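S.K.: Before I ask anything, here is the structure I am working with.
Any read-out appearing in this document is the output of simple, stated calculations on the displayed coordinates, not a laboratory observation. Note that the coordinates shown come from a computational prediction; the quantities given were computed from them, not determined experimentally. When we count neighbours, we look across all protein chains shown, and the Cβ atoms used for this are built from the backbone with ideal geometry, even at glycine.
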Amino acid sequence: MALALAAPLAAQETPVPRIASSNGRHALIVDGAPFLMLGAQVNNSSAWPAAMAKVWPVMEALHVNTVEVPIAWEQIEREEGKFDFSYLDLLLAQARERDLRLVLLWFGTWKNTNPQYTPSWVKLDNKRFPRMRKPDGTNHYALSPFGRETLAADSRAFAAFIRHLKQADPQNTVLMVQVQNEPGSYGLPRDHSPEADAAFAAPVPAALIKQTKKQPGDWTRVFGRDAELYFHAWHVARYIDQVAAAGKAIKPIPMYVNAALPGDPFTWQEPKSYASGGPANTVIDVYKAAAPHLDLLAPDIYNPDHKAYRGFLAAYDRPDNPLMVPETGHSKEYARYFFEAVGRGAIGWAPFGVDGNRYLPTLPLTPKLNAEAIAPFAANFALFRPIARLWAERAFAGKTWGAAEPNDPADQHQQVMKLGKYVATASFGRSDFGMAPPKGNPEPSGGVAIAELAPDEYLVTGYRARIDFALADETRANILYDRIEEGHYDAAGKWVFERVWNGDQADWGLNFTAAPQLLRVKLASYPKR
Ligand code: DGJ
């Protein structure tokens, strides 16, 4: 009787998620251990109670462990100073029922650079919350990073949001918070208000001089062609850092900002051709100096070209920046880049705009989001869900590699991974037998992933690919397989042996089809003489 009447037990408080870094490697620590975020981001207008019924079934079909959902300023503070967290509470409850974690996206001063997610009392009051000015003195659409009242109001709202989270989420269903969404401005590289002009003529801040190892001077003198880009990035980053700091003072949950990227990572592009002021690959150093409260800067990758995708991953995978891809295209050609990202040790990866609410598709998103369209993403996540913790731990140790099928003929449908003592070659579009050169899959869709479990022992998996191992140094010894086990990991993380691959299944490399298969491969060698 007493038990039946007792109030429900308070949720168990767990340690706040954090980013751990060591030897230039990173991990997202959740419940005390490295966590690999297998994510998906909902559509912008799906973050409302009425839309959620069409979100959860897709998340279940995708096998994600984390869902990225916006929390908009206009949604929580429609009237200044009056906060409504009813949606957030519903979201937390519904995610917990499904054993899913969340990443929340603060749509505030900047959403794709635009202020459309600020409440009406902000976006309609240009005096109190000024927009950027063009050189001729007229208003640009984006809010100015010099707006002190804007910064104060955004910080107050963000702090109220994080305060609510601290009280409503002791079990840390929410793993990270994105502060703003693709900030900056299109079409105008910097603000030209009198205050901004004065700052542009002033010396570059010492922290940025130190970070970029330049000689002191004003912005034009120090950064030349990139002066406006760097200047705007600095001021937007300083603004976001102060918003993040207001939240972190309440709950020190990991926080990051996402970037709208230039067309490719290799060539210089006019700053007005992409979101100037955001954490693009061109200004990571500026953000590092200006925004110490951000745990990471993250690329939204919508370029499906293999070299460009890898280039963007490489740009954000730094000793001072954990790699995470919070948004990527959801057309099927993007699915293979999951292998490339997690192979590099990304802490998370998420296709954008995957839920059952129907909106007009935006290129390069796929025109029809149905079971067939999400299948390649679902296959990746289903393969990785049982090994996500193990993978994250190995990635933190720097012992993971991955490759996605290239689309450039010069790559000859192959990718090479240097594992140390061994070299692994992934090739795409080969039959299960024979040494005929790879032809590539009918569409680039293959991927492989390798984790070192112990010396000479590797966890190996992939789709539509062959993997061959060789010794890095072949002068004195020849390689051989000691044993190739196929199996799976049980719920407790224990390897369950199923069978041994040998004979035809090993003589022509390890051939992965569209079936989910996990191998534990023990390599060995014998002397040449
Ligand atoms: C990038 C943005 O960050 C998302 O919110 C969304 O607008 C996508 N682009 C695709 O439209």
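S.K.: Tilt of helix 227-248 relative to the longest C-alpha principal axis of the chain, in degrees (0 to 90, nearest 10)?
M.R.: Value to nearest ten degrees: 90.
S.K.: Something else about it: Suppose R0 equals 25 Å. What FRET efficiency, 1/(1 + (r/R0)^6) with r the Cβ-Cβ distance, do Asp456 and Asp504 give to the nearest 0.05?
M.R.: On the way: r = 24 Å, r/R0 = 0.94.
Approximately 0.60, to the nearest 0.05.
S.K.: Test of the criteria: in segment 208-300, which trypsin sites (Lys or Arg not before Pro) are in a DSSP loop and have at most 14 other Cβ atoms within 10 angstrom of their Cβ?
M.R.: Lys213, Lys214
S.K.: Something else: Rounded to the nearest 500 deg cm²/dmol, what is the calculated helix-only ellipticity per residue at 222 nm for the chain, with -39500 (n - 2.57) per DSSP H run of length n ≥ 4?
M.R.: Taken over the chain, the calculation gives -8000 deg cm²/dmol.
S.K.: Give the lysines reachable from Lys421 as a straight Cα distance under 22 Å; neighbours fewer than 8 places away on the same chain don't count.
M.R.: Cα-Cα hits under 22 Å: Lys399, Lys522, Lys528.
S.K.: Quick one: if you stick a label point 7 Å off each Cα along the C-beta vector at Asn370 and Arg96, how many nm between them?
M.R.: The modelled label-to-label distance comes out at 3.8 nm.
S.K.: If I model a spin label at Leu124 and Phe497 as a point 7 Å from the Cα along the Cα→Cβ vector, what separation in nanometres do I get?
M.R.: Simple spin-label model gives 7.2 nm for this pair.
S.K.: About its Cα centre, what dipole magnitude does segment 404-527 give when the only charges are +1 on Lys and Arg Cβ and -1 on Asp and Glu Cβ, stated in debye to the nearest 20?
M.R.: On the way: 12 positive and 18 negative charges, 15 e Å.
Roughly 80 debye, rounded to the nearest 20.
S.K.: Once both labels are modelled 7 Å past Cα along the beta-carbon direction, what's the Ala20-Ala33 spacing in nm?
M.R.: With each label placed 7 Å out from Cα toward Cβ, I get 1.1 nm.
S.K.: For the pair Lys54 and Ala515, what calculated FRET efficiency results from E = 1/(1 + (r/R0)^6), where r is the Cβ-Cβ distance and R0 = 35 Å, to the nearest 0.05?
M.R.: Working: r = 30 Å, r/R0 = 0.86.
In this case the efficiency is close to 0.70.
S.K.: Applying 1/(1 + (r/R0)^6) with R0 = 22 Å to the Cβ-Cβ distance of Ile479 and Met435, what FRET efficiency is obtained, to the nearest 0.05? Show your work: numbers first, answer last.
M.R.: Working: r = 16 Å, r/R0 = 0.73.
Computed FRET efficiency for Ile479 and Met435: 0.85.
S.K.: Can you tell me the 0 to 90 degree angle between the C-alpha axis of helix 306-316 and the longest principal axis of the chain, rounded to 10?
M.R.: It is inclined by approximately 60 degrees.
S.K.: From the Cα gyration tensor of segment 404-527, with a ≥ b ≥ c the square roots of its eigenvalues, which class applies: rounded if a/c is under 1.5, or else prolate if a/b is larger than b/c, or else oblate? Walk me through the numbers on the way to the answer.
M.R.: On the way: a/c = 1.67, a/b = 1.17, b/c = 1.43.
Taking the square roots of the gyration eigenvalues as a ≥ b ≥ c, segment 404-527 is oblate.
S.K.: Taking the Cα centre of the chain as the origin and placing charges on Cβ (Lys, Arg +1; Asp, Glu -1), which of Leu92, Tyr458, Pro15 is farthest toward the positive end of the dipole?
M.R.: Pro15
S.K.: Which of the pairs Lys210/Lys251; Lys251/Lys494; Lys213/Lys288 have their Cα atoms more than 24 Å apart in this structure? Don't skip to the answer; put the middle values down first.
M.R.: Working: Lys210/Lys251 30 Å; Lys251/Lys494 35 Å; Lys213/Lys288 13 Å.
Pairs exceeding 24 Å: Lys210/Lys251; Lys251/Lys494.
S.K.: Can you give the charge dipole size of the chain about its Cα centre, rounded to the nearest 20 debye, using +1 on the beta carbon of Lys and Arg and -1 on the beta carbon of Asp and Glu?
M.R.: Details: 56 positive and 57 negative charges, 149 e Å.
About 720 debye.
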